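Visitor: Pasting a structure below so you can have a look.
The values are calculated or read from the model by the stated rules, or taken from the named source; none is laboratory data. Keep in mind that what you see is a predicted model, and the values were worked out from it rather than measured. A quick note on method: Cβ atoms are made from the backbone with ideal geometry, for glycine too, and the neighbour counts reach across all protein chains shown. Just the protein is used for accessible areas: all its heavy atoms, side chains included, with ligands, DNA and RNA removed. Shrake-Rupley method; radii C 1.70, N 1.55, O 1.52, S 1.80 Å.
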Amino acid sequence: MISIVIADDQGMVRAGFAALLSAHADIEVIGQAEDGAQCVELVADLAPDIVLMDVRMPLMDGIEATRTIVAANVETRIIMLTTFDIDDYVFDAIRAGASGFLLKDAPPSELAEAVRIVAGGEALLAPSVTKRVIEHFATGGQKPNRTALPELTDREREILIQVARGASNTEIAASLHIAVQTVKTHVSRILFKLDARDRAQAVIAAYESGLVIPNS
C-alpha cells in the first residue's frame with residue numbers, strides 16, 4: 001500500500017485527486033494539506049510514501065515545502081503538480097528535491113502510475129519537463145567530458161549518461177547486455193557517490209559536470 005498526502009490550496013482539487021487515487025487498491029490517501037506549512041507538519045506526523053505537492057500555495061509554497069521536507073532526511077518522495085508545463089518553477093522544484101513533476105490535467109491513469117513509479121524509487125519527469133532541464137544546460141557546440149565525475153567508475157558513467165538521456169533501467173540493461181538488477185545496483189551506487197536523492201538529481205549532476213551535453 002502506497003500512502004499519499006495531497007497538498008493543494010484548492011479543496012476541490014484535493015478532493016478530486018483523493019477520489020481518483022483512492023480508487024486504486026494499492027494507494028491510500030492518508031492526509032490533505034491546504035498549504036505548504038501544513039504539508040510539512042503532516043509529513044512529520046504521518047510519514048507518507050508520497051506527497052502530491054502543488055507548486056503555488058499560500059504561507060509556504062510547494063518549492064519551500066519540498067526543500068524543508070527533503071532537508072529533514074525523511075523517506076517521503078514528492079511529486080510536484082502544476083497547471084502549466086511552462087511553469088517557471090520547474091527547475092527549482094527539481095533542485096529542491098522533487099522526484100517527479102506532472103501536469104494537473106494528466107489522465108487519471110498517468111497520475112496513479114506516476115505515484116507507483118516514484119514510490120518504487122524512480123524519478124518521473126514529463127517530456128516537457130525533461131526538455132526544459134536539457135535546455136537549461138544547453139551551451140552549444142561543447143563536447144561532453146567523459147572523465148567528469150571522477151568518483152564514478154567508467155561503467156557508472158556509462159549508465160548515468162543513459163539515465164540523463166531518459167532511458168529506463170530496462171532499456172539500459174538491454175543496450176548494455178546486462179541484467180536489470182545489475183543496472184539498479186549501479187544506479188544505487190551512483191546516487192550514493194553523488195549524494196543524490198534520486199535519479200532526477202543525478203541527471204542534473206550529469207549535465208552540470210559536463211558528462212552529458214545536450215544534443216551531443
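Visitor: Of the residues 7, 93, only one is within 17 Å of residue 201 (Cβ to Cβ) and either in contact with a Gly (Cβ under 6 Å, 6 or more places away or on another chain) or not charged (D, E, K, R) (or both); which?
Guide: Among 7, 93, only 93 is within 17 Å of residue 201 (Cβ to Cβ) and either in contact with a Gly (Cβ under 6 Å, 6 or more places away or on another chain) or not charged (D, E, K, R) (or both).
Visitor: Would you call residue 203 within 22 Å of residue 50 (Cα to Cα), modelled with pLDDT of 90 or more, open to solvent by less than 50 Å² (accessible area, probe 1.4 Å) and not in a loop (DSSP other than H, G, I, E, B)?
Guide: No, not satisfied.
Visitor: Can you tell me which residue in region 130-171 is modelled with the lowest pLDDT, limited to those that are in a loop (DSSP other than H, G, I, E, B), under 25 Å from residue 93 (Cα atoms) and hydroxyl-bearing (Ser, Thr, Tyr)?
Guide: Among those residues, the one meeting the criterion is 139.
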